[in-house]
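Heads up, the thing below is written out as structure tokens.
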Amino acid sequence: MVREVAALKPTPTDDRLSGRPRRAKIEGRAIRVGFILLDHFSMMSYASAVDALVTANLVSNDRLFSHSNFGISDPRVPSDLGIDLSTDGLLTNLNCSQDTRALDVIVVIGGYRSPLMYSHQLTEKLKSAASHELAVGGVWNGSLALVQAGLMHATPVALHPDNHALLREKYPAVRLADKTHEISTNRLSAAGPSSTLEMMLEWLDFAASRDVARAVREILAPDSLSASSISSSHMLQNDPSLPEALRSALQLMRANIEEPLTSEELAACVNLSRRQIERLFQSHLGTSPSRYYFELRLTQAQRLLVQTSDSITRISLACGFVSSSHFSNCFKDFFGESPSVARKKNRVVK
């Protein structure tokens, strides 16, 4: 008997997989991040970036990151809120040489009213930082400073929509990112405050760990977390940074909840061996295909419990469990409460 598998929708390919940022490998000390603040910088963007670093330190019970601020010509820099921020020094104080550099990452923070032309000093400092393999980034129109320094020819740049026309007119060779934040090898860019936080959360995944990034997201952006891994899986399957085979496997899992595929069937559908697909999941998602699939089905069941009046037996079958008793045991082990308790709690809250 031939097994019928739900159709797989085509997913776009991506040739930037080799352009992922390297995980920081700095032994025995914090990763040092410096923010260069342009006049009238976005306070919300700056706060989002700093908050991500500070929270990462808190959740890890370690000083993973340190940060400092720099002005270009004045140690007190006006923000877009009319509040001046006292910095730790001027741009001239930054040393980017390989042996004595004070920073590992430099991020230029711009804003709606920040200047669009940048000083020769800033341009040269960014070039020096990049030549000594520091990671460099830009937020809002601060990303244009990287473009002006000639540092974005090999990678797309995320930029505030107000500056898209300027980029196309003055720098036609530079590719505009198709999303609001972009990370590639030693380059980071974000279009505005919300995307700055997303940029930092994605960067934490590599600079610290997936667990730290997840914990920071749960604190700073709980509204961006899906109530279940169903939505997370949907976002992952459309994440162009992941290998196409992995994205296809995730889409197949979502499409085959009621009759789960075996690991062998899943691997065959994406033209991989079982061992290859297990390595793919472990490398990118930190788990096995079977565990990911299992949690996907459980969280689908959780959603059905709280959003429908279907019986627990019907929900268990709809999510690929052979019996309601087996489903109830799995659900309780995973969520810490039985399906019936979870349903009652949700109804009480409503």
Only one of Ser73, Ser42, Ser114 is more than 16 Å from Thr196 (Cα to Cα) and within 27 Å of the chain's Cα centre (by Cα). Can you tell me which? Ser114
Inside the stretch 69-176, counting only helices (runs of 4 or more DSSP H) that do not spill past its ends, which hold 3 or more residues that are more than 20 Å from Ser42 (Cβ to Cβ)? 120-131, 164-170
Expected output for the stretch 192-204 (first residue among the hydroxyl-bearing types (Ser, Thr, Tyr), partner in a loop (DSSP other than H, G, I, E, B), Cβ below 9 Å, 6+ apart or cross-chain) is Ser194/Thr180; Ser194/Ala221; Ser195/Ala158; Ser195/Lys179; Ser195/Thr180; Thr196/Ser42; Thr196/Trp140
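Residue-wise test of (1) out of contact with any helix residue (DSSP H, G or I) (no Cβ under 6 Å at 6 or more places or on another chain); (2) closer than 20 Å to Ser79 by Cα.
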site	(1), (2)
Leu116	yes, yes
His120	yes, no
Ala130	yes, no
Val136	no, no
Asn141	no, yes
Val157	no, no
Ala177	yes, no
Ser189	no, yes
Met200	no, no
When the stretch 305-322 is examined, which residues are found to be loosely packed, with under 13 Cβ neighbours inside 10 Å and modelled with pLDDT under 90? Gln307, Thr308, Ser309, Val322
Going by the structure shown, is Thr185 at pLDDT below 90, outside the structural domain of Arg297 (by TED's automatic domain parsing) and within 18 Å of Val147 (Cα to Cα)? yes
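So that you can scan it fast, the table gives a plain yes or no per residue for (1) over 25 Å from the mean Cα position of the chain (by Cα); (2) in the same structural domain as Arg214 (by TED's automatic domain parsing); (3) not aliphatic (A, V, I, L, M):
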position	(1), (2), (3)
Ile277	no, no, no
Ser283	no, no, yes
Ile312	yes, no, no
Phe327	yes, no, yes
Lys332	yes, no, yes
Ser338	yes, no, yes
Lys345	yes, no, yes
Kindly indicate which of Ser73, Ser131 is exposed (fewer than 13 other Cβ atoms within 10 Å of the Cβ), under 29 Å from Ala213 (Cα atoms), in the same structural domain as Ala177 (by TED's automatic domain parsing) and not β-branched (Val, Ile, Thr). Ser131
I'd like the full set of residues that are more than 12 Å from Ser290 (Cα to Cα) and assigned to a helix (DSSP H, G or I), limited to the stretch 250-264. Gln251, Leu252, Arg254, Ala255
All positions within the stretch 338-350 that are at pLDDT 90 or above and not in a helix (DSSP H, G or I): Ser338
When the stretch 173-219 is checked residue by residue, the ones that are surrounded by fewer than 21 Cβ atoms within 10 Å (Cβ to Cβ) and in contact with a Lys or Arg (Cβ under 8 Å, 6 or more places away or on another chain) are Leu176, Ser184, Thr185, Asn186, Phe206
Limited to the stretch 265-294, what total is found for residues that are part of a loop (DSSP other than H, G, I, E, B) and surrounded by 17 or more Cβ atoms within 10 Å (Cβ to Cβ)? 2
Need the failing condition index for Met1 against (1) more than 28 Å from Asn141 (Cα to Cα); (2) at pLDDT 85 or above, just the number. (2)
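The values are calculated or read from the model by the stated rules, or taken from the named source; none is laboratory data. In this text the structure is predicted, and so the values were computed from the model without any measurement. Every residue, glycine among them, receives a Cβ derived from its backbone with ideal geometry; neighbour counts consider all protein chains shown.
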